[in-house]
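Chemist: Let me give you the structure first, and then I'll get to my questions.
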Amino acid sequence: MEAALQEVFGAGGFLSRTLASFEDRPQQLQMACAVQQGFLNARHLIVEAGTGVGKSFAYLVPAIELVSKAKGPIRNFGTGKTNLNNKKVGRGKISNGADKVLISTFTITLQEQLTNKDVPFLSRCLPYQFTAALAKGRGNYLCRRRLKFALQRQGLLFDKAASQLVAINDWANHTADGSLSGLGFVPSTAVWDAVSSEHGNCRGRKCVHFRDCFYWRARRQLDTADIIVTNHALLFSDLVLKEQGASVLPDYRYVIIDEAQNIEHVAEEHFGIDISNHRVTFLLNGLYNPRTHKGLLAFTEADKAMDLIGRITKESGSFFRKVKSWYENNKDETNGRCYVNFVEDNLSGHLNNLRSELSKLAKNTKGVDERFEILRFVDRCAALAEDLDRFLLQKAKDYVYWVEVDTGRKTTIRLKSAALNVGEDVKRCLFDRYNSVIMTSATLSSDSMSEKSGFEFFAGRIGLEDFEALKLGSPFDYEKQVTIYVEKDLPAPNEPDFVEAAIEALKKYILKTKGRAFVLFTSYEMLDDMADKLSDWMKENNIELLQQGAGLDRTVLLGRFKEEDASVLFGTDSFWQGVDVPGEALSNVIIVRLPFAVPDKPLIAGRIEQIRQQSGNPFYDYQLPSAVLKFKQGFGRLIRTKSDTGIVVILDSRIINKRYGQRFLEAIPKCRTEVIARNP
């Protein structure tokens, strides 16, 4: 079996004959063999593959070989011609769902790389036939029937949406896939919500647009595909629905999860609760907005429903004011963590009354399209009432429930819950259901010890008990490409004079690389403070300061950073991972403080409390390994190709002055390291 992979990855193999920039990477072949064995032996596998290994090819090739072998020997490839049994194996063949491989990513960037670059390339150069398709959530697709309805009723549905609907209608006449990503502009949330495809708002084969329906066309492509590429959120939606006998994706037997370090967080959000004041307002305004006199019910005789909407609007305002007042009075003590029925539920009953009234209204509505539109709000009222009930009664065991309040331009009040450990849920719906799940990333092992023990923290957080493990270093020469500077004598980050001392150090290292730096923070508070104190100095030195959270979208920030010769990007959580800036544009990564999660945040505090109750050590069992993994992610932003060079600066002196600090340095590739002491 390894010989077949050697013919692909080895010198003189298929890749070397097709790829001009081919490099023989032993780690890539080693990973491909491990993935292949995981499939054949029905084993779960964790692979940490350092930057430059080429992990996408390393799992794609065994996956392609697997689904192609299911079709029998191949005589011709890439042409849709016949195999030895004279059966069509090219485009249009419906393969057995059990033979499919599903590949899940966290970022759109990697998803696009797989579907637009890697898979098409491999289909040209490998001697296998296969089909692949990208799976998007249903709400990404335009519904022609709903668009027609919205155009007919736009004067009653929307206040200012005519131009957007006309533009969407023009686009619908020539778009190939009807997907939001191809629209060319970002419509308002309310407009897209009124025209997108929905499960409960679909007539299926009875719809006049069924044959040319964008969603069902995409679904038919998924049904015929051997390999499905999707994202973690859609994967978990499908896993949960499959437990209930439904699905959003076709059946598949094998699962590959890239960027696997994120699946705990995705599962945490998927199984949790998230209710905000804006969610209630959006639901009610979609039905009827008394200020603009627009909404679905504006064209119906629905006086009782409108009265209920007015009542719920008032009750919702009262409810969230009580939540906010409770938060302000208790945040210093609990940081927002709340108890059962911490405020009175004056909303759920009215929402259920509205749901009943809308059900009656739908039953008496003659127009099919109108009835479907009303019924979607029946479902939304029911879901919101159920979420409120689950939250206030705190029905789920081993979950944390808390309140968040953001008093920005628009006050946002949220009720959130999440599991202390989602491992049980992930184990049940993923690992117990599928024989072989392959998980990979550059940051999955939290120490430098033997392969399997290094993965125990990651595996424990996601409920994985029986698995194979492989840890592969990067083929890059980090000792030549990277120098690490550690500011040994800076005050510890929690000391009052840290910020001023860190700012002086920042100036030194930013000038050293003439900008071209990421400065990574663990909180917006410190980021904003340092940005404010450095802004004038940056201007004086002709360096552009790009600040996350200052109004610019993350994608726009990154684009400007790549374009500017001398810029510094101050970023927090989302810039520690999933950001790829190869070349000189990024020559310096500065880590302001070690990325320990804030221990008093409700979810983190709950996990710490649970570990203590289980006689564990919260710092060494949870906080430290979590921080090490995130530190590795931040370090990994610098070197993206074999020709990249640069520096990594660590301003947190604990990495040298605390015994546990060595864990961070041992977890990254060996580099030249300079420990900087202050001048006497």
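Chemist: Suppose we filter 581, 592, 598 for residues that are touching a residue at least 40 places away in the same chain (Cβ under 8 Å), of a type in the set (A, V, I, L, M), out of contact with any His (no Cβ under 7 Å at 6 or more places or on another chain) and under 24 Å from residue 105 (Cα atoms); which single one remains?
Modeler: 581
Chemist: Taking the range 205-248, which residues are among the aliphatic types (A, V, I, L, M) and under 21 Å from residue 428 (Cα atoms)? Working first, answer last.
Modeler: Step one: filter the range 205-248 for residues among the aliphatic types (A, V, I, L, M), giving 208, 218, 222, 225, 227-229, 233-235, 239-241, 246, 248.
233, 234, 235, 239, 240, 241, 246, 248 - these are the residues of the range 205-248 that are among the aliphatic types (A, V, I, L, M) and under 21 Å from residue 428 (Cα atoms).
Chemist: Among 403, 437, which is crowded, with 19+ Cβ neighbours inside 10 Å and in contact with a Cys (Cβ under 8 Å, 6 or more places away or on another chain)? So that I can check it myself, show each step before the final result.
Modeler: Working: 437 fails: in contact with a Cys (Cβ under 8 Å, 6 or more places away or on another chain).
From the options 403, 437, the qualifying one is 403.
Chemist: Consider residue 304 carefully, then state whether it is outside the structural domain of residue 462 (by TED's automatic domain parsing) and under 30 Å from residue 420 (Cα atoms).
Modeler: When the stated conditions are applied, residue 304 does not pass them.
For (1) under 17 Å from residue 278 (Cα atoms); (2) not polar (S, T, N, Q), each residue gets a yes or a no:
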site	(1), (2)
305	no, yes
316	yes, no
322	yes, yes
325	no, no
349	no, yes
354	no, yes
373	no, yes
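Chemist: Any residue in the range 496-509 that's of a type outside the set (A, V, I, L, M, F, W, C): show its pairings with residues that are in a helix (DSSP H, G or I) at Cβ separation under 9 Å, as long as the two are six or more apart or on different chains.
Modeler: Listed by first residue and then by second, the contacts come to 500/533; 507/534; 507/537.
Chemist: Now, a different point. Can you tell me which residues in the range 541-576 are polar (S, T, N, Q) and modelled with pLDDT under 90?
Modeler: Once the filter is applied, which keeps residues that are polar (S, T, N, Q) and modelled with pLDDT under 90, the range 541-576 yields 555, 574.
Chemist: Limited to the range 425-468, what total is found for residues that are in a strand (DSSP E or B) and in contact with a strand residue (DSSP E or B) (Cβ under 6 Å, 6 or more places away or on another chain)?
Modeler: 6
Chemist: Pairs, please: C-beta under 8 Å, at least 6 apart or cross-chain, first residue without any contact (Cβ under 8 Å) to a residue 40 or more places away in the chain and in the range 245-262, second crowded, with 19+ Cβ neighbours inside 10 Å and not in a loop (DSSP other than H, G, I, E, B)?
Modeler: Hits for this filter: 247/238.
Chemist: Hey, another quick one. Counting only residues that are assigned to a loop (DSSP other than H, G, I, E, B) and farther than 26 Å from residue 593 by Cβ, which one in the range 469-506 is farthest from the chain's Cα centre (by Cα)?
Modeler: 477
Chemist: Something else about it: Out of the range 526-577, which residues are assigned to a helix (DSSP H, G or I), surrounded by 14 or more Cβ atoms within 10 Å (Cβ to Cβ) and of a type in the set (Gly, Ala, Ser)?
Modeler: Across the range 526-577, the qualifying residue is only 531.
Chemist: Sticking with this one: Output the number of residues of the range 319-348 satisfying the condition of being touching a residue at least 12 places away in the same chain (Cβ under 8 Å), loosely packed, with under 13 Cβ neighbours inside 10 Å and not hydrophobic (A, V, I, L, M, F, W, C).
Modeler: Of the residues in that region, 4 qualify.
The values are calculated or read from the model by the stated rules, or taken from the named source; none is laboratory data. This is a predicted model, so every value here is computed, not measured. Neighbour counts run over all protein chains shown; Cβ positions are idealised from the backbone, glycine included.
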